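Report on the following structure.
None of the figures in this text is laboratory data; all of them are computed from the coordinates on show. No experiment lies behind these values; they were computed from the predicted model shown. Because the Cβ atoms are built from the backbone with ideal geometry, glycine has one as well, and the counts that use them run over all protein chains shown.
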Amino acid sequence: MAWQGEYERLFLGGEWVRPESTERIEVVSPFTEQVVAQVPSASRADVDRAVAAAREAFDRGPWPSMPVEERAAVLRRFEAGLADRAEDFAALITEEMGCPISQTRASQAGAARLLLQTFLELAPEYPWSTRRSSAAGEALVTREPIGVVAAVVPWNAPLSVGMLKLGPALLAGCSVVLKPSPEAPLDSYLLAELLQSAGIPPGVVNIVPADREVSEYLVTHPGVDKVSFTGSTAAGRRIAGLCGQDLRRITLELGGKSAALVLDDADLDLVVDQARTASLRYNGQACNNKTRIVVARSRERELLERLAEMARTLRVGDPADERTQIGPLVSERQRARVEHFLEAGRAEGAEAVVGGGRPGRLDRGWFVEPTVFAGVSPDMTIAQEEIFGPVLAVLAFDGEEEAVEIANNSAYGLSGSVFSADPHHALRIARRIRTGTVEINGRSAGFHAPLGGFKASGIGREAGLEGFDAFVELKSYGLTPELF
């Protein structure tokens with residue numbers, strides 16, 4: 001294991017404490033199918049302790065009342081620790097969820113550092129306190145920490161998504177109960193160690209790996225002021241319903257079925273190169289992957305040939321191997337789910353021009369071949385449902401009106417892209433797509449821009465200056481003349 005600590009305790013109230021429960025979560029390697037570690041499965045009593053510690057830290061501790069500069073100093077020390085242990089984080093995440101090591105280095109350890117650096121850079125620009133004058137009065141408008149945050153992170157991007165929540169929540173002055181996924185809890189132990197070394201006050205961050213039942217207990221806990229959840233749309237709906245009963249604040253970053261629109265003048269070399277990275281990241285297990293390739297009919301055959309050749313040349317295998325481009329899916333259950341969609345695609349008339357099953361040469365690991373479907377119509381299951389595997393659906397359009405209609409024919413609205421030789425025209429098309437992010441010719445919007453989705457892709461935004469909004473409450477003070 002990359003981290004040599006013992007997975008026997010929980011990080012609560014600034015200390016490593018024995019759990020109340022004797023239940024354990026087995027972490028299984030998606031590549032070897034063997035148990036690589038066990039961690040405590042937090043009980044309701046453990047959640048009570050975590051929330052009580054966070055509540056004490058927020059209600060009576062120094063963290064919320066510190067100047068933001070002092071909180072930033074702690075997080076800068078934490079960021080230095082992330083840099084020192086970047087390779088350990090990458091190796092842990094690769095082991096627990098199967099993402100190729102070349103990707104976890106950049107998109108987990110690297111992205112987490114960049115996100116934290118970005119929040120530290122933006123924090124002085126955020127309008128924590130402003131004066132407003134009108135004929136009706138003088139006001140001081142402040143943005144104050146929202147309180148105790150339950151941060152629920154997914155298995156596919158545990159560290160980077162965790163930082164989308166921890167960075168702004170901690171800079172705002174909140175305390176946090178972090179709930180890692182049962183499939184990928186190991187990196188959270190190293191995260192806790194680094195926070196402790198950086199000098200985070202006791203109770204400001206607490207970590208409780210837990211199953212679904214205990215997770216629901218956390219998000220409905222009366223001591224929690226805010227829930228920030230990243231995961232499936234089905235789970236997001238459940239959390240929204242639970243939190244709605246108590247009017248608890250929520251941010252939800254959920255699923256996607258993002259479309260890449262390939263106009264008739266697009267550079268297909270660029271499109272295929274982007275499909276390799278922006279459509280198949282994390283072995284296809286990223287919510288903002290562009291998994292619907294919507295192409296002008298005049299370019300359909302050529303693009304299909306190129307995508308198929310790209311998929312055939314992807315190296316599938318051991319995620320710890322530097323040369324691997326596609327690793328295993330996170331669990332046997334996830335592979336079965338993806339295989340269900342492969343069968344649905346064929347049953348509804350789509351053709352798998354490459355892939356469509358398990359790699360024949362690999363006798364272990366939860367692998368699915370990189371797959372490209374042709375002959376896909378917009379109403380097919382594989383064009384509507386989030387598959388969460390290395391599966392692309394190619395749909396043809398006869399005019400740009402139809403292209404926009406296909407892109408918007410989805411319950412989701414998380415991401416997307418438009419490819420054209422004319423970037424100005426691509427931007428005009430992009431403005432008509434109902435989704436939270438649209439990339440022009442594959443260019444990333446970066447971490448200074450907000451992330452989030454329309455429709456069933458979620459509620460609220462993360463990253464950028466807007467990322468702080470999820471962790472503050474607005475408060476207005478009416479000022480007397482003596483305070484002007």
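What ³J(HN,Hα) values, in whole Hz, does the Karplus curve 6.51 cos²θ - 1.76 cosθ + 1.60 give for region 471-476 when θ = phi - 60°, with x put for Gly and Pro?
Here the 3J(HN,Hα) series is 10, 10, 10, 7, 9, 10 Hz.
How large is the dipole of region 258-446 about the Cα centre if only Lys and Arg carry +1 and Asp and Glu carry -1, each at its Cβ, rounded to the nearest 20 debye? Kindly include the intermediate steps, with their values, before the conclusion.
On the way: 23 positive and 29 negative charges, 116 e Å.
Computed about the Cα centre, the dipole is about 560 debye.
Projecting each Cα onto the charge dipole of region 104-248 (Lys/Arg +1, Asp/Glu -1 at the beta carbon, about the Cα centre), which of P185, Q245, S133 comes out farthest on the positive side?
Toward the positive end, the furthest listed residue is S133.
So what are the radius of gyration and Dmax for the Cα set of the chain, in Å?
Every Cα atom of the chain included, Rg and Dmax give 23.0, 79 Å.
Cα axis of helix 68-84 to longest principal axis of the chain: angle in degrees, 0 to 90, nearest 10?
50
Over region 78-152, what is the relative contact order in percent, taking alpha-carbon pairs closer than 8 angstrom and at least six residues apart? Before the final figure, lay out each step's value.
Values: 49 pairs, mean separation 15.5, N = 75.
For region 78-152, the relative contact order is 21 percent.
How big is the dipole moment of the chain about its Cα centre under a simple scheme where the beta carbon of each Lys and Arg is +1, that of each Asp and Glu is -1, and everything else is neutral? Debye, nearest 20, please.
That gives the chain a dipole magnitude of about 560 debye.
Over region 1-73, what relative contact order in percent results from Cα pairs under 8 Å that are six or more residues apart?
Working: 70 pairs, mean separation 18.2, N = 73.
Over region 1-73, the number comes to 25 percent.
Given H placed on each backbone N at 1.01 Å, which residues far from S457 in sequence or on other chains put an amide H within less than 5 Å of it?
Hits under the 5 Å cutoff: G413.
Multiply the residue separation of L314 and E193 by 0.36 nm, subtract the distance between their alpha-carbon atoms, and state the gained length in nm to one decimal.
39.9 nm
For region 1-63, compute the orientation-averaged projected area of the C-alpha convex hull (one quarter of its surface), in nm². Could you put the intermediate results ahead of the total?
Details: hull surface 22.3 nm².
Taking the Cα atoms of region 1-63, their convex hull projects to 5.6 nm² on average.
Based on the alpha carbon coordinates of region 22-103, what radius of gyration and maximum Cα-Cα distance (Dmax) apply, in Å?
Using the Cα atoms of region 22-103, the pair Rg, Dmax is 17.9, 48 Å.
Which percent, to the nearest 5, of DSSP beta bridges fully inside the chain are antiparallel?
45
Based on the Cβ-Cβ distance from A234 to N408, what FRET efficiency comes out when R0 is 25 Å, to the nearest 0.05?
0.70
Expressed as a whole number of Å, what is the distance separating the alpha-carbon centroids of region 461-476 and region 158-187?
16
For region 414-457, rounded, prolate or oblate, judged on the Cα gyration tensor with a ≥ b ≥ c (square roots of eigenvalues), a/c < 1.5 rounded, else prolate if a/b > b/c?
oblate
Report, to the nearest 10°, how far helix 186-198 tilts away from the longest principal axis of the Cα atoms in the chain, using its own Cα long axis and a range of 0 to 90°.
Taking Cα atoms only, the helix is inclined about 40 degrees.
Under a 5 Å amide H to amide H cut-off, with H placed in plane at 1.01 Å, what residues pair with G147 once short-range neighbours are removed?
S175
Pairs of Cα atoms under 8 Å, at least six residues apart: use those to get the relative contact order of region 430-473, whole percent.
Numbers: 46 pairs, mean separation 12.4, N = 44.
Averaging sequence separation for qualifying contacts and normalising by length gives 28 percent for region 430-473.
Quick one: length gained pulling Q34 to S134 fully straight, 0.36 nm per residue minus the C-alpha distance? Show your work: numbers first, answer last.
Numbers: separation 100, 0.36 × 100 = 36.00 nm, distance 6.63 nm.
Result for the pair: 29.4 nm of gain on full extension.
Rounded to the nearest 5, what % of DSSP beta bridges with both residues in region 258-446 are antiparallel?
Numbers: 3 of 23 bridges.
Looking only at bridges with both residues in region 258-446, the antiparallel portion is about 15 percent.
Working from the pairwise distances between different alpha carbons, so that the mean of 1/r is found and then inverted, what is region 258-446's Kirkwood radius in Å?
Kirkwood radius, region 258-446: 16.4 Å.
With a ≥ b ≥ c the root eigenvalues of the C-alpha gyration tensor of region 285-350, is it rounded (a/c under 1.5), prolate (a/b larger than b/c) or oblate?
Here region 285-350 falls in the oblate category.
Relative to the longest principal axis of the chain, what angle (0 to 90°, nearest 10) does the C-alpha long axis of helix 86-97 take?
With both axes taken from Cα atoms, the answer is about 60 degrees.
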